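Please read the structure below before turning to the comments.
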């Protein structure tokens with residue numbers, strides 16, 4: 001007879017570019033982290049929300065079939081999902097409706113607890129797990145959430161109801177770092193999302209690039225000028241590698257300046273770096289002394305953070321559900 005110690009917690013996240021689900025044990029070990037990128041047409045710089053929602057609807061059964069295989073005769077004890085982009089009253093994106101529907105159906109049919117979180121909170125939780133800094137749940141720390149949809153500096157503190165609360169204290173005033181990388185990559189003919197191809201192209205030129213002049217003031221930055229400079233640079237000599245190195249180094253130097261300013265305001269405050277841009281090996285290596293990084297699997301969009309948040313809620317609420325929504 002199976003006891004609860006053999007059960008698993010399921011987390012589902014349907015972000016704008018990745019369908020993902022993950023399983024963790026009751027002792028907090030992630031045992032499955034299944035992700036499937038949404039298809040983006042060649043030459044496109046992204047997806048409309050209607051397209052993202054459609055692709056999630058198509059891909060969720062495939063992802064959940066892999067999750068079912070990973071169960072290995074164990075039962076799911078609770079389900080959590082990403083309901084909103086951020087923990088804010090006006091935060092909403094239709095793509096998360098796909099995960100909400102799947103999670104609600106699974107929890108209702110199995111009569112198990114259901115919990116909801118923000119996509120951003122899931123990113124932070126996954127970064128804590130992936131960097132082996134789960135003890136930060138009991139103290140204040142800072143998190144950089146840097147991706148195609150977000151470039152923010154966050155002040156994170158323990159919270160009884162939400163596991164932790166997040167206050168935005170800085171970030172971009174225009175384009176996100178991932179947007180700039182993707183737009184520059186697509187301009188040069190690379191596939192979207194362009195991060196991995198940009199990193200590969202930049203390798204031969206990385207040590208040849210001089211310092212840039214990041215547009216940073218306090219805890220805020222502007223990145224739209226970087227896109228314009230990248231276009232001018234590429235149109236001049238058509239050198240994909242040099243342009244890629246310029247863009248990535250400019251993003252890195254922006255993050256370095258923001259980190260320096262953050263530590264001046266909050267001396268000794270621990271920092272965790274999260275988000276898909278933080279998967280770049282050059283950025284990780286350069287900033288590793290300033291803060292903690294998760295492995296790329298837990299930096300980019302994933303359901304693992306949602307599963308781990310669900311586990312915390314499941315334990316704290318004694319298996320009482322937030323209700324089916």
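List of remarks:
- Residue 98 being over 16 Å from residue 305 (Cβ atoms) and within 14 Å of the chain's Cα centre (by Cα): no
- Verdict on residue 46 being under 23 Å from residue 321 (Cα atoms) and more than 14 Å from the chain's Cα centre (by Cα): no
- Test: residue in region 200-214 that is at pLDDT 95 or above, within 22 Å of the chain's Cα centre (by Cα) and part of a helix (DSSP H, G or I): yes
Results for (1) assigned by TED's automatic domain parsing to the domain that holds residue 312; (2) surrounded by 22 or more Cβ atoms within 10 Å (Cβ to Cβ); (3) in contact (Cβ under 8 Å) with a residue 24 or more places away in the chain, shown as yes or no for each residue.
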position: 137; (1), (2), (3): no, no, yes
position: 140; (1), (2), (3): no, no, yes
position: 144; (1), (2), (3): no, yes, yes
position: 157; (1), (2), (3): no, no, no
position: 174; (1), (2), (3): no, no, yes
position: 186; (1), (2), (3): no, no, yes
position: 190; (1), (2), (3): no, no, yes
position: 194; (1), (2), (3): no, yes, no
position: 199; (1), (2), (3): no, no, yes
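- Of all residues in region 146-155, those being surrounded by fewer than 24 Cβ atoms within 10 Å (Cβ to Cβ) and under 13 Å from residue 270 (Cα atoms) number 1.
- Of everything listed in (1) at pLDDT below 95; (2) more than 19 Å from the chain's Cα centre (by Cα); (3) surrounded by 13 or more Cβ atoms within 10 Å (Cβ to Cβ), the single unmet condition for residue 67 is (1).
- Filter pass, residue 53 being within 19 Å of the chain's Cα centre (by Cα) and touching a residue at least 24 places away in the same chain (Cβ under 8 Å): yes
The values are calculated or read from the model by the stated rules, or taken from the named source; none is laboratory data. Note that the structure is predicted; figures quoted are calculated from it, not measured. Glycine also receives a Cβ, built like all others from the backbone with ideal geometry; neighbour counts cover every protein chain displayed.
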